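Report on the structure given below.
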Amino acid sequence: MAEKLSRLLETTLALSGQFEAALSASPAKAAENDTNKSSSDSNSQPPEPLQLLSKSSTLLRSQVTKLSLLAINTPFTPSALSTVLMAVNDSVLPSLVTAALLVTPDEHTKAFTAEVRVLTKTVLKEFSSLVEEVRKIAKKNDEQQQDKKKKDEELPQSEKDSVTTATGRVWDACDTLTQLVGKGVVGFVVRRVEQWRDLVKDAIDELAEWDPDEDDEDDDLLLDDDEENEPVKGAAEDEDQDQDRDDNETTTAALHAHKKTALRAFKPIGQIYPAIISNRLKKGGLTASDTTLPPRAHIAKLESLVSDLQAIPGYVDEAAGSLYESNIANSVLYLKKARDCAEHAIRLVTFPWAVEGKQPEEAEAVEQEDKFTAWSRTWLKVMDEVMSEVDRK
């Protein structure tokens, strides 16, 4: 292996590892370190992180293509490989990681920031795997150079496939990161909200199909089996068994009643997801551009909204699961929690998003109400009516 190429390969792997470690640090600490570095040059303006991230990811994908082709084609040219690696080490990787570190929770939400970190680390990890494959080929080439018969011998197909596979994984990682950036913060949130909407819908559908009578029949079968396997019982034991059946019937009736109440409550809860997506995320004044970030006041509200919408599927699932276990009290508890999150989410976005430069309460006072504002008020009234019986429990 040419000495220069050997050093560059080692440097690339070490650099990638260091960058992964930097991305694993807490967002606040990483952002502080990056700010300290940027402040050393007062004349330079910090780049727009999402644009830089997209550009760096696309550029790395291009350099990886060159690297893989140079590695698997004959003749093996260390100088050409070195040129590609120097470009990656000197500008592409530093730009990629700098952009990822400039994405912060205060300006991009915690969830989006975490997703950027994870995807960027995946890019670095897959790139390191490719570099390892290139290093194996370079080492093998050094050995072949000592044997005139094997000099410039074509690389076996299996080794070419290893490089091609590793290259494909880097491409996929870069594409995933670029797609995330293209959707922007709001697009990312929309995708997450759609996933939570589907979870709520699945839980509601499962509860609707559940029949408490089937569980009661299973209990009766167990009682009948016990009767066949046990000796003749006295009158007192027969009375106890009859009482058990009566208790089961009472419990089953209560389960039916609460199932009906829960489904009535879950229906409007599930409706808030498509309504918020259509009227407050895709429309309603929230910036949805991948180049222009929402104001920080919007980000704070978005964080709160996301927290509520994310919590609801878990509460709905717990409420239904408790019902399956005949624990009505627990089901009521989680149903109320789901209701509280849904109501808080609706109240957060009852009015269109505040215009930049105005406080939310000031903007609400001057902006006209829209259709979603009226829908929200109707929804809150319906929810109060549906939950009135539950609140008494």
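The values are calculated or read from the model by the stated rules, or taken from the named source; none is laboratory data. Because the structure is a prediction, the values reported are computed rather than measured. Because the Cβ atoms are built from the backbone with ideal geometry, glycine has one as well, and the counts that use them run over all protein chains shown.
Tell me, which residue of segment 204-224 that is aliphatic (A, V, I, L, M) and modelled with pLDDT under 55 is surrounded by the most Cβ atoms within 10 Å (Cβ to Cβ)?
Out of the qualifying residues, it is LEU223.
Can you tell me which residue within segment 257-274, out of those that are basic (Lys, Arg) and out of contact with any helix residue (DSSP H, G or I) (no Cβ under 7 Å at 6 or more places or on another chain), is surrounded by the fewest Cβ atoms within 10 Å (Cβ to Cβ)?
Applying the filter and picking the extreme gives LYS260.
Does GLY357 qualify as being surrounded by fewer than 18 Cβ atoms within 10 Å (Cβ to Cβ) and at pLDDT 95 or above?
no
Pairs please, first residue from segment 380-393 and over 14 Å from ILE328 (Cβ atoms), second anywhere and assigned to a helix (DSSP H, G or I) and among the small types (Gly, Ala, Ser), Cβ atoms under 7 Å, 6+ apart in sequence or on different chains.
Filtered contacts from segment 380-393: VAL386/ALA265; MET387/ALA265.
If you scan segment 289-345, which residues turn out to be outside any helix (DSSP H, G or I), over 21 Å from VAL189 (Cα atoms) and hydroxyl-bearing (Ser, Thr, Tyr)?
Residue satisfying the conditions is SER326 alone.
Check SER158, SER162, SER82 and return the single one that is under 18 Å from ALA14 (Cα atoms) and either touching a Pro at 6+ places or on another chain (Cβ under 7 Å) or part of a helix (DSSP H, G or I) (or both).
SER82
Of all helices (runs of 4 or more DSSP H) completely enclosed by segment 85-145, which ones contain at least 3 residues that are among the β-branched types (Val, Ile, Thr), under 25 Å from PRO49 (Cβ atoms) and assigned by TED's automatic domain parsing to the domain that holds GLN179?
Of the helices (runs of 4 or more DSSP H) lying wholly inside segment 85-145, those with at least 3 residues that are among the β-branched types (Val, Ile, Thr), under 25 Å from PRO49 (Cβ atoms) and assigned by TED's automatic domain parsing to the domain that holds GLN179 span 110-145.
Hey, could you check segment 88-128 for residues that are under 16 Å from ARG192 (Cβ atoms) and among the small types (Gly, Ala, Ser) and say which is surrounded by the most Cβ atoms within 10 Å (Cβ to Cβ)?
Among those that are under 16 Å from ARG192 (Cβ atoms) and among the small types (Gly, Ala, Ser), it is ALA111.
For VAL390, are the conditions met, namely being modelled with pLDDT under 95 and closer than 18 Å to GLY270 by Cα?
Here the answer is yes, as VAL390 does meet what is asked.
Looking only at segment 150-207, count every residue that is among the basic types (Lys, Arg) and farther than 29 Å from ASN279 by Cα and tell me the total.
4
How about segment 298-325: which of its residues are under 19 Å from VAL390 (Cα atoms) and among the acidic types (Asp, Glu)?
Residues satisfying the conditions are ASP317, GLU318, GLU325.
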